[in-house]
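Everything below concerns the one structure shown next.
The values are calculated or read from the model by the stated rules, or taken from the named source; none is laboratory data. Since the model is a prediction, treat every value here as computed from it, not as a measurement. Every residue, glycine as well, gets a Cβ built from its backbone with ideal geometry; the counts of neighbours run over all protein chains shown. The area values use the complete protein model at the heavy-atom level, side chains included, leaving out ligands, DNA and RNA. Shrake-Rupley method; radii C 1.70, N 1.55, O 1.52, S 1.80 Å.
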Amino acid sequence: MGKLVLATITISGSAKWLLKVGGNKEKWYGSDRIFMYVMTVFGAMTVNYSEQCTEYGWVVSNLRLLAGCLLAGGLLSAAYMDRRNCWVYNYVWWWCLPWAGILGLTAGGGFHGIVAVLVFVMLQQLLFSRMYGKADCHAFSVCALAECGNAVGMVGFLLQMFLSVVLLTIVQLFRGNVTPRGRLREPQPFIPYIITAFFSVTFLESVFRTTYIYA
């Protein structure tokens, strides 16, 4: 319980600090406030639970826990910027990169994991960047790097993409923002759905890994 509270404070603090660096000093309010609070708690639960399900030593485990919280804070600030302004400052991705790298490199994904991440990042930057914004590509790339040691590899990266699109589609259908041809009437921020899918896939992967270990 103590680690969960600490993780929540770390994620919230890093997200608010990153927003202040960009000049956003206003308080969260309305739907933004609900989104940020819910995702902060969900992110803390995901990071804390995923590290409880690993067999790393004390030092590596706590380093990964810290890196996961700081990465989650960075992704959360990006989602907030996307919701409010439909763009994200580049410094947010530079902030996320080292924390995602620590998670990926300490997970022991090996050569195949690194290759999968490189291929996925190339697809994002060269192919999928034509379908949605560069910031969305950066978000997917950072998440993939963090999950470099994920046993499901490329399947997990593509699953996160699929889940992100499904979540976006469901929400926008309820809002009546989808045309009969399946296009959005008004463009919507995509990163909030990306990080929701990222936390969900990470949490589920941890649950399955725990089931496999103790089965």
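Of the residues making up region 73-84, one or more are among the charged types (D, E, K, R), surrounded by fewer than 23 Cβ atoms within 10 Å (Cβ to Cβ) and not in a loop (DSSP other than H, G, I, E, B). For ASN48, state whether it is surrounded by 14 or more Cβ atoms within 10 Å (Cβ to Cβ), assigned to a helix (DSSP H, G or I), touching a residue at least 24 places away in the same chain (Cβ under 8 Å) and of a type outside the set (A, V, I, L, M). Here the answer is yes, as ASN48 does meet what is asked.
Among the residues of region 134-153, those that are charged (D, E, K, R) and either open to solvent by less than 30 Å² (accessible area, probe 1.4 Å) or not in a helix (DSSP H, G or I) (or both) comprise ASP136, GLU147.
So that you can scan it fast, the table gives a plain yes or no per residue for (1) at pLDDT below 90; (2) under 16 Å from PRO192 (Cα atoms); (3) assigned to a loop (DSSP other than H, G, I, E, B):
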residue	(1), (2), (3)
ASN24	yes, no, yes
MET39	no, yes, no
THR54	yes, no, yes
ALA67	no, no, no
LEU71	no, yes, no
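State yes or no: is LEU66 in contact with a helix residue (DSSP H, G or I) (Cβ under 8 Å, 6 or more places away or on another chain), farther than 22 Å from ALA144 by Cβ, surrounded by fewer than 20 Cβ atoms within 10 Å (Cβ to Cβ) and aliphatic (A, V, I, L, M)? The answer is no for LEU66.
From the list CYS148, CYS137, the lone residue that is touching a Ser or Thr at 6+ places or on another chain (Cβ under 6 Å) and closer than 23 Å to LEU70 by Cα is CYS137.
Counting only residues that are open to solvent by 90 Å² or more (accessible area, probe 1.4 Å) and either assigned to a loop (DSSP other than H, G, I, E, B) or at pLDDT 90 or above (or both), region 1-15 holds 3 of them.
Considering each residue of region 106-133, count those that are open to solvent by 50 Å² or more (accessible area, probe 1.4 Å), assigned to a helix (DSSP H, G or I) and within 16 Å of MET154 (Cα to Cα), and give that number. Of the residues in region 106-133, 8 are open to solvent by 50 Å² or more (accessible area, probe 1.4 Å), assigned to a helix (DSSP H, G or I) and within 16 Å of MET154 (Cα to Cα). For ALA139, indicate whether it is within 16 Å of the chain's Cα centre (by Cα), of a type in the set (Gly, Ala, Ser) and at pLDDT 95 or above. For ALA139, the condition - within 16 Å of the chain's Cα centre (by Cα), of a type in the set (Gly, Ala, Ser) and at pLDDT 95 or above - is met.
If you go through region 173-207 and pick out every residue that is open to solvent by less than 50 Å² (accessible area, probe 1.4 Å) and assigned to a helix (DSSP H, G or I), you end up with 15.
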